[in-house]
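The structure appears below as C-alpha cells.
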Amino acid sequence: MNMIHYRIRLSIILLAAVIAAGVVLYQDPIAQNPDYHRFRDARPFFGIPNFWNVITNLPFLLVGLLGWQWLSKATPGNHLRELRPAYFFLFTGLVLISVGSGYYHLWPGNGTLVWDRIPMTIAFMALFVAIIGEFISIRAGRLLLWPLLICGVSSVIYWHFTEIRGEGDLRPYILVQFLPILLIPLIMLLFNPVFTRTWGYWLLLGSYLLAKVLEHFDAAIFEIAPLLSGHSLKHVTAACGVFLMIEAYKRRRLC
C-alpha cells in the first residue's frame, strides 16, 4: 500500500470516528434506563438468585484462561511481541468480566453494573488496539494502549458519578463500546492484515452482534424456550465468538 492510499484510508477511519463521536455527543445526556436491570429469567437455583444469568458468565472465564494459555505459548509467527500487552489485557478483561458480570447479575443495579462494565471496556479497548496494531500500525497500537484503556475505564466512572448526582450520562460509555464495533470492520476492509486467518475477528464481530440481538429479545426468547433467556444466551454466544477468535490466533501465520 503506497503512502497516498494509506493516508486516504486512514482519513476515512478518522472521519468515521469523528462523525460517530459527534452524533453521540450531540445528543442530550442519556441516563441508565432502570428497566435494563429487569431480566426476564430471575429464577434462583442452589440459593443463587438469577442463577442462569450468573452461571453463564463462566464461559468468559474459560476463554480468558484459554487466551492466557495461547499467549504463553505464542510464537513470532502468530502474534506481535509489541502487542503482547494488548493481548494480555484483552484476555484479562474477559476473566474479569466473568467475575464482574456474575457479581452484577446476583444483585442487578447501577452500583453493581459498574463492575460489569469496567472489565468490558478493558476488553473492548485492548481488542481495538490489537486490531489497530495488526492492520494499521504496530507503533500506533503500542502507543494507544494505555490512553484507550484509561478512556474506557474513565467512561464507566464518569457514568457512575453522573448517575449518583441524578444526571446520568452514558454517552462516553456508548462511544467506548460501539465506536470500535463501527471502526473495526472498516479497518479490516481498508487495510492489509499482518496475519492470515482474519476470519477469527469477523466471527467474533458476528457473535457479538448476535449476542446483542439475543439480549434485546431476552423476554421473548424465554417465553418460547424457558430453559435459557436471551440474556443468558448472550453471554454464551459472546464467549463462543472469543473462542473462535482464539482458534484463529492459534492457526494464523504472518502474511
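Structure values in brief
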| quantity | calculated |
| --- | --- |
| Any chance residue 71 is more than 30 Å from residue 168 (Cβ to Cβ) and either assigned to a helix (DSSP H, G or I) or without any contact (Cβ under 8 Å) to a residue 24 or more places away in the chain (or both) | yes |
| Residue count, segment 170-208 (criterion: assigned to a helix (DSSP H, G or I) and polar (S, T, N, Q)) | 2 |
| Test for residue 223: is it assigned to a loop (DSSP other than H, G, I, E, B), of a type in the set (Asp, Glu) and more than 27 Å from residue 8 (Cβ to Cβ) | no |
| Identity of the residue in segment 162-177, in contact (Cβ under 8 Å) with a residue 60 or more places away in the chain, touching a Phe, Trp or Tyr at 6+ places or on another chain (Cβ under 8 Å) and surrounded by 19 or more Cβ atoms within 10 Å (Cβ to Cβ), that ends up nearest to residue 187 (Cα to Cα) | 170 |
| Every residue from segment 82-111 that is in contact with a Pro (Cβ under 8 Å, 6 or more places away or on another chain) and outside any helix (DSSP H, G or I) | 107 |
| Test result for residue 159, at pLDDT 95 or above, crowded, with 17+ Cβ neighbours inside 10 Å, of a type outside the set (A, V, I, L, M) and within 26 Å of residue 182 (Cβ to Cβ) | yes |
| Residues of segment 142-152 satisfying the condition of being surrounded by fewer than 17 Cβ atoms within 10 Å (Cβ to Cβ) and touching a residue at least 24 places away in the same chain (Cβ under 8 Å) | 151 |
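The values are calculated or read from the model by the stated rules, or taken from the named source; none is laboratory data. A quick note: this is a predicted structure, and the numbers were derived from the prediction, not measured. Cβ: placed from backbone, ideal geometry, glycine included. Neighbour counts: every protein chain shown.
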